[in-house]
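To start, the structure under review is shown below, and the notes come after it.
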Amino acid sequence: MKRDFQNRSYNPEHGFPYYFDLVKDDDLHTLFSSLSSFTFLKSIGEVKATHRYSPIKWSIKQIVGHITDHERIKMFRAFQLSRNEMVELWGYDQNFLVNNSRFEELTMEQLIADILSVRKASLSFINTLSERQLKKKGNAQQYQITLEEFLKSIIGHERHHINIIKEKYLKKI
């Protein structure tokens, strides 16, 4: 699948389209059915889940909550696009949402149960989409992308954060 953003330079800290590199050309059902991220998160434990590698960074619990928030928001926008409602697919104030959550008060078990519930709903929605709907185009920053590409970026976002947990959080504990 050739994308108009494929040869542009971009900064991984800005997310999109970096997330596409993390999902390759896997199909949606495979991406949204995988439990590898959740198996990894379950292995972290409560004590490590409160760790921050810097005082100004989120804890692992907050990252898990953020991944869940992200999927909720993006799936609603995917729903809107699938129904021909034009909406900006990218962007929201993630720090505001995390700062106004109670992720730190919840157990990892609760956070993982929540994200698994969201994932189940996401997969249910994806299974209702037609090929025509998956080819609908929407705006994500300065790019036009298909609904299918947008959905894949949700898993790319998740993988990005799982990689950060592995590389920056758990290596320092």
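The values are calculated or read from the model by the stated rules, or taken from the named source; none is laboratory data. The structure displayed is predicted, hence computed values, not measured ones. Quick reminder, even Gly has a Cβ in these numbers, built from the backbone with ideal geometry, and neighbours come from all protein chains shown. These accessible areas exclude ligands, DNA and RNA; they are computed on the full protein's heavy atoms, side chains included. Shrake-Rupley method; radii C 1.70, N 1.55, O 1.52, S 1.80 Å.
Output yes when any residue across region 45-52 is touching a residue at least 40 places away in the same chain (Cβ under 8 Å) and open to solvent by less than 40 Å² (accessible area, probe 1.4 Å), and no when none is. Within region 45-52, one or more residues are touching a residue at least 40 places away in the same chain (Cβ under 8 Å) and open to solvent by less than 40 Å² (accessible area, probe 1.4 Å).
Checking each residue in region 35-50 for being modelled with pLDDT of 95 or more, in contact with a helix residue (DSSP H, G or I) (Cβ under 8 Å, 6 or more places away or on another chain) and outside any helix (DSSP H, G or I) picks out ILE44, THR50. Is at least one residue of region 138-150 in contact with a Leu (Cβ under 6 Å, 6 or more places away or on another chain), open to solvent by less than 10 Å² (accessible area, probe 1.4 Å) and assigned to a strand (DSSP E or B)? Scanning region 138-150 turns up at least one residue that is in contact with a Leu (Cβ under 6 Å, 6 or more places away or on another chain), open to solvent by less than 10 Å² (accessible area, probe 1.4 Å) and assigned to a strand (DSSP E or B). Quick one: would you say ASP69 is acidic (Asp, Glu), under 24 Å from LEU35 (Cβ atoms) and open to solvent by 20 Å² or more (accessible area, probe 1.4 Å)? Considered against the rule, which asks whether it is acidic (Asp, Glu), under 24 Å from LEU35 (Cβ atoms) and open to solvent by 20 Å² or more (accessible area, probe 1.4 Å), ASP69 comes out as yes.
Residue pairs whose Cβ atoms lie under 7 Å apart, sitting 6 or more positions apart in sequence or on different chains, and linking a residue in region 89-115 that is under 30 Å from LYS136 (Cα atoms) to a partner that is part of a loop (DSSP other than H, G, I, E, B), are TRP90/PHE16; TRP90/GLN141. Among the numbered conditions (1) of a type in the set (Lys, Arg); (2) open to solvent by 90 Å² or more (accessible area, probe 1.4 Å); (3) touching a helix residue (DSSP H, G or I) at 6+ places or on another chain (Cβ under 9 Å), the only one that ARG132 does not meet is (3). Listed conditions (1) in a helix (DSSP H, G or I); (2) surrounded by fewer than 14 Cβ atoms within 10 Å (Cβ to Cβ) are all met by PRO55, apart from (1). Within region 99-108, being within 14 Å of THR50 (Cα to Cα) and surrounded by 11 or more Cβ atoms within 10 Å (Cβ to Cβ) holds for PHE103, GLU104, LEU106, THR107, MET108. Residues that are farther than 30 Å from SER59 by Cα, at pLDDT 95 or above, out of contact with any Leu (no Cβ under 6 Å at 6 or more places or on another chain) and open to solvent by 50 Å² or more (accessible area, probe 1.4 Å) do occur in region 80-87, at least one of them.
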